[in-house]
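*Asks:* Let me begin by handing over the structure; questions about it come next.
Every read-out reported here was derived from the displayed coordinates using simple, explicitly stated rules and does not represent laboratory data. All of these numbers come straight from a predicted model, not from anything done at the bench. Cβ: placed from backbone, ideal geometry, glycine included. Neighbour counts: every protein chain shown.
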Amino acid sequence: QKEVEQNSGPLSVPEGAIASLNCTYSDRGSQSFFWYRQYSGKSPELIMSIYSNGDKEDGRFTAQLNKASQYVSLLIRDSQPSDSATYLCAVNISPRKAAGNKLTFGGGTRVLVKP
Amino acid sequence: KAGVTQTPRYLIKTRGQQVTLSCSPISGHRSVSWYQQTPGQGLQFLFEYFSETQRNKGNFPGRFSGRQFSNSRSEMNVSTLELGDSALYLCASSRMVTGDSYNEQFFGPGTRLTVL
């Protein structure tokens, strides 16, 4: 079983709609969670980080974390064609702050926003 | 503030050779991590350096090694290159100090390595 799982897509959404991306992880000790956006041929760009259960909003993006269900999601409101990219879910499987960083990535969900 | 920089951006090597890649983190960032990205395996963690010490390591053979200098700059080395080492190698830095978002990682542009 992969440690971080995402639907590979493509997730096709019309311009202006909400895109909903999901991610599940297997390590219950994980403490920090991230969403990255990666355009073709470019490096990943950090969109959101979330550390506590609940919602975290930043502009058109909302991250949701449910540690009991081992589930993290990303909502993109008012989707734009420029949002078309691959979205990567990443989980830091280090058990505590002092243990540093060890990110495990999902395979990514490709999102296509159609005008 | 300048972002993470990586050199070189592109590299072509032949099997059996070795290669050294360089990464300069964002100013003030103390942790540097390295990742390999391939179409088949996705993004995979190689190792993390903090205060010149390797703190975490992924599941890669010993041919992959790295180091960090006192100014937080980092290098990774791959010896005895194999065809399967062709990939995008990404470096990411994070602050790793107390407070919110302490371990957010920011990626450099990557080094595209092709092994012939």
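*Asks:* How large is the dipole of chain B about the Cα centre if only Lys and Arg carry +1 and Asp and Glu carry -1, each at its Cβ, rounded to the nearest 20 debye? Mind showing how you got there, number by number?
*Replies:* Values: 12 positive and 7 negative charges, 42 e Å.
With Lys and Arg at +1 and Asp and Glu at -1, about 200 debye.
*Asks:* Shifting gears a bit: For segment B:1-72 and segment A:1-75, write down the distance between their C-alpha centroids in whole Å.
*Replies:* Centre-to-centre (Cα) distance: 24 Å.
*Asks:* A further question on this structure: Return the loop-located chymotrypsin sites (Phe, Trp or Tyr not before Pro) in segment B:1-107 (DSSP other than H, G, I, E, B) with at most 13 other Cβ atoms within 10 Å of their own Cβ; answer none if there are none.
*Replies:* Listed in order of number, the matching sites are B:Phe69.
*Asks:* Only counting other Cβ atoms within 10 Å, I'd like A:Met48, B:Met76 sorted with the fewest neighbours first.
*Replies:* By the 10 Å Cβ count, ascending, the order reads A:Met48, B:Met76.
*Asks:* Additional query: If the viscosity is 1.002 mPa s and the temperature 20 °C, what Stokes-Einstein diffusion coefficient in µm²/s follows for segment A:1-44 when Rh is the Kirkwood radius over Cα pairs?
*Replies:* Taking Rh from Cα pairs, D becomes 164 µm²/s.
*Asks:* With N set to the number of residues, divide the alpha-carbon radius of gyration of chain B by 2.2 N^0.38 Å and report two decimals.
*Replies:* This ratio for chain B stands at 1.02.
*Asks:* A follow-up question, please. For the protein assembly as shown, what number results from the quotient of the Cα radius of gyration and 2.2 N^0.38 Å?
*Replies:* With N residues counted in the protein assembly as shown, Rg over 2.2 N^0.38 Å equals 1.01.
*Asks:* Between Rg and the Kirkwood Rh of segment B:48-116, both from Cα atoms, what is the Rg to Rh ratio? Let's see the in-between values first.
*Replies:* Details: Rg = 13.7 Å, Rh = 13.6 Å.
Result: Rg/Rh = 1.00.
*Asks:* If I model a spin label at B:Lys57 and A:Glu57 as a point 7 Å from the Cα along the Cα→Cβ vector, what separation in nanometres do I get?
*Replies:* 4.6
*Asks:* Which residues make up the longest stretch of chain B clear of GluC sites (Glu not before Pro) that lie in a DSSP loop with no more than 16 other Cβ atoms within 10 Å, not counting the sites?
*Replies:* In short, B:1-51.
*Asks:* I want to verify a result. In a Gaussian network model of chain A, Cα cutoff 10 Å, which of these has the top mean-square fluctuation: A:Arg77, A:Arg60, A:Arg37?
*Replies:* Most flexible of the set in this elastic network: A:Arg60.
*Asks:* Let me ask something else. What stretch of chain A, leaving out the sites themselves, is the longest with no GluC sites (Glu not before Pro) in a DSSP loop having at most 15 other Cβ atoms within 10 Å?
*Replies:* Value returned for the longest uninterrupted segment is A:16-115.
*Asks:* Next question. Which loop-located trypsin sites (Lys or Arg not before Pro) does segment B:35-109 contain, where loop means any DSSP state but H, G, I, E or B and the Cβ has at most 11 other Cβ atoms within 10 Å?
*Replies:* Here no trypsin sites (Lys or Arg not before Pro) fit, given the DSSP loop and packing criteria.
*Asks:* Hey, another quick one. From the cross-link list A:Lys67/B:Lys57; A:Lys42/B:Lys57; A:Lys67/A:Lys114; A:Lys67/A:Lys102; A:Lys42/A:Lys102, which pairs have alpha carbons spaced over 28 Å apart? The partial results should precede the final answer.
*Replies:* Numbers: A:Lys67/B:Lys57 25 Å; A:Lys42/B:Lys57 25 Å; A:Lys67/A:Lys114 33 Å; A:Lys67/A:Lys102 18 Å; A:Lys42/A:Lys102 22 Å.
From A:Lys67/B:Lys57; A:Lys42/B:Lys57; A:Lys67/A:Lys114; A:Lys67/A:Lys102; A:Lys42/A:Lys102, over 28 Å: A:Lys67/A:Lys114.
*Asks:* From the P(r) of segment A:9-107, could you give the percentage of C-alpha pairs in the tail past 21 Å?
*Replies:* In whole percent, the share of Cα-Cα pairs in segment A:9-107 beyond 21 Å is 32.
*Asks:* Taking the alpha-carbon distance from B:Lys1 and a cut-off under 18 Å, which aspartates and glutamates remain once sequence neighbours fewer than 8 residues away in the same chain are dropped?
*Replies:* Output for B:Lys1: A:Glu45, B:Glu104.
*Asks:* Moving on to the next point. Excluding B:Gln54 itself, what net charge comes from residues whose Cβ is under 10 Å from its Cβ, given Lys and Arg +1 and Asp and Glu -1? Mind showing how you got there, number by number?
*Replies:* Working: positive: B:Arg55, B:Lys57, B:Arg67; negative: B:Glu48, B:Glu52.
With Lys, Arg at +1 and Asp, Glu at -1, the neighbours total +1.
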